[in-house]
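Encoded as structure tokens, the structure appears first; notes follow it.
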Amino acid sequence: MVIKRRHWAPAVAASALALLLTATGCHSTSGAGAAEPTAAPSTATTTATSAARAVARVCANPAAGPAKAPAGAVTVDPAVVGDLAAKTKNSPPHTTFWLRPGRHRLDPDRYAQVIPKTGDRYLGAPGAVLDGGKKNQYAFAGTARDVTIRFLTVQHFVAPQNEGVVNHDSADGWVIEHATIQDNSGAGLMAGAHQQVRASCLRDNGQYGMNAYKGGGGIRDLVVEDNEIVGNNTDDWERRQQGCGCTGGIKFWAVDGADVRGNWVHGNHGAGLWADTDNNDFLIEDNVLDANDGPALIYETSYNAVIRNNTIRRNNWVEGRRYADRGDTFPYAALYLSESGGEPRIRARTAKIDIYRNVLENNWSGITLWENADRFCNSPANTSSGDCTLLVKNIHRCAQPAIDKAPLYADCRWKTQRVDIHGNRFVLDKSVVQCTEMCDRMAVLSNYGTYPDWSPYKGEKVAEAITLEQDNRWHDNVYLGPWQFVAHDPSRVLDFDEWQGTDYRQDAGSTLHAGAGG
């Protein structure tokens, strides 16, 4: 599935945690220079500071596995090439395997891999590494349910683009805990339904740390908790395949129910977290999203989410600056909602996108709410080709003449609606971001609808709707620094009084101190 990224033009475990992060105490473990703080935030009483928050510093401090084989476990010998795959094949389901310390290898064939059976458990001793040697494509594959991998390092596998090394076939019920998955091509990890990824290090993988995608069906009830997700997309896929929308720390596709909690997502070469195409019911809380080249979070053509209590800082410097240097006036932001909103007809823990109690500090711009007038089901401008909204099962219904009338006029669109942004703190010091313009935006906007010729959404219909009619509200926020605001389209840049005024009525109860950001 190829999804283009932005579409604004018409054409634990506690043992894995170190409670050490303050506003200036984050250090990359991957060599990603952008993850190093460049300045401490102000501590004046009128100025917001980053909330002190525990981070999952698991890459530098991995938890140690059992030094001895548990009772009844099958011992795997690193001196025997292919021992893990062979013993897995010859053992019954629900077997526990203990990997001795050392470098474990598979047979030197690119398709050599471990095929677990239902309920198998893999435990690494201290220093146990499963190494693909840049020859094997996959480490663990197959469709067996309820497989557990703990205390194991998996590295140097060469999965193709969009494929993954661990849980290659997106089997259900896997538990990945206290693992280090690093220096692989493709995605370090795939995901299936009811998968739990906890207290693990997903580091320096070629495309994604995790690709939460399951061919032929969606994923339900995914847990991603207390992980460190750092330095991924080392192969720079967005440059190699421009507009692919195929990079980031984690990418989520058609996931129904996800808890993304307590993770340290930093220094990724693209977006930190990206939910794309018919995701629903996300809880994104208590994360530190720091110094990612692109947005901290993209929520695209998806529904119903709670985004709260996150520390979001120094994101989008690379990508935001790149677009600004081209003269692009689109308000690329650290938190980017594209054709996503609340929908009461789709079952979830909330019927809106609720964004509150977050600290956003010294990012390239703040929050952008966007809806492409030309992107809807069955439109050639819908780069999620073949997909439709969760309200319309048959994409071919979204055509003339039926799309001109209810219910399809509304239901054939992914709508940015019912977004509630409140109780957040937005801090901007342009001397830290090293920018003079275009890095200071908060926005709600669309484009002028033009395409295709049978579109019922031509003109300013969508721009008027997202700005004034779809219940998108900022209120009771604190702004520190020289913030500007964009409404309706990129040309309408407003000051705070205009943003709060009678035309737009945004940010009731909010305050702005333009000189207090730095």
Residue by residue through the range 110-115, the couplings from Karplus 6.51 cos²θ - 1.76 cosθ + 1.60 with θ = phi - 60°, in Hz, x for Gly and Pro, are 5, 9, 5, 7, 8, 10
Towards the positive end of the charge dipole of the chain, with charges on Cβ (+1 Lys, Arg; -1 Asp, Glu), say which of Leu391, Gly262, Asn363 has the farthest Cα.
Gly262
By its C-alpha gyration tensor, with a ≥ b ≥ c as the square roots of the eigenvalues, how is the range 316-432 shaped: rounded for a/c under 1.5, else prolate for a/b larger than b/c, else oblate?
oblate
Distant-in-sequence amide H partners of Asp489 (H built 1.01 Å from N, under 5 Å):
Ser446
Percentage, to the nearest whole number, of Cα pairs in the chain over 31 Å apart
44 percent
Expected vector for the range 348-364, Karplus 3J(HN,Hα) from phi with 6.51, -1.76, 1.60 and θ = phi - 60°, integer Hz, x for Gly and Pro, equals 6, 6, 9, 10, 8, 9, 10, 10, 8, 6, 9, 10, 10, 10, 6, 8, 7
Using alpha carbon centers only, the range 369-393 is separated from the range 451-466 by a whole-angstrom value of 13 Å
Using helices alone, what [θ] at 222 nm do you get for the chain, with -39,500 (n - 2.57) per DSSP H run of 4 or more residues, divided over all residues and rounded to the nearest 500?
-1500 deg cm²/dmol
Cβ neighbours within 10 Å, averaged per peptide: list 282-291, 364-373 in order, most packed at the top.
364-373, 282-291
Under 5 Å between amide hydrogens, which residues at least 5 positions from Asp221 or on another chain qualify, with H placed 1.01 Å from N in the peptide plane?
His194, Asp256, Gly257
Taking max minus min of the Cα coordinates of the range 46-190 on each principal axis, largest first, gives extents in Å of 66, 38, 28
Among 188-200, 112-124, the order from most to least packed when residues are scored by Cβ within 10 Å on average:
188-200, 112-124
Of all DSSP beta bridges having both residues in the chain, the percent classed as antiparallel (nearest 5) is 5 percent
Within the chain: Cβ-based charge dipole about Cα centre, in debye rounded to nearest 20 (Lys, Arg +1; Asp, Glu -1):
1220 debye
In whole Hz and in residue order, list the ³J(HN,Hα) couplings for the range 153-169 that follow from phi through the Karplus curve 6.51 cos²θ - 1.76 cosθ + 1.60, θ = phi - 60°; x for Gly and Pro.
9, 10, 8, 6, 9, 10, 5, x, 3, 6, 9, x, 8, 9, 6, 3, 9
What size of dipole, in debye to the nearest 20, comes out for the range 348-460 about its Cα centre when the only charges are +1 on Lys and Arg C-beta atoms and -1 on Asp and Glu C-beta atoms?
420 debye
Show me 238-245, 130-137, 212-219 ranked by packing, highest mean number of other Cβ atoms within 10 Å first.
130-137, 212-219, 238-245
How big, in percent, is the set of alpha carbon pairs in the range 217-293 lying more than 21 Å apart?
28 percent
Take the solvent-accessible surface of the protein heavy atoms, probe 1.4 Å, and return the percent of it on the range 91-196 that carbon and sulfur atoms account for.
48 percent
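The values are calculated or read from the model by the stated rules, or taken from the named source; none is laboratory data. The structure displayed is predicted, hence computed values, not measured ones. Counting neighbours? That spans all protein chains shown, and the Cβs are built from the backbone with ideal geometry, glycine included. Ligands, DNA and RNA are excluded from the accessible area calculation, which covers all protein heavy atoms including side chains. Shrake-Rupley method; radii C 1.70, N 1.55, O 1.52, S 1.80 Å.
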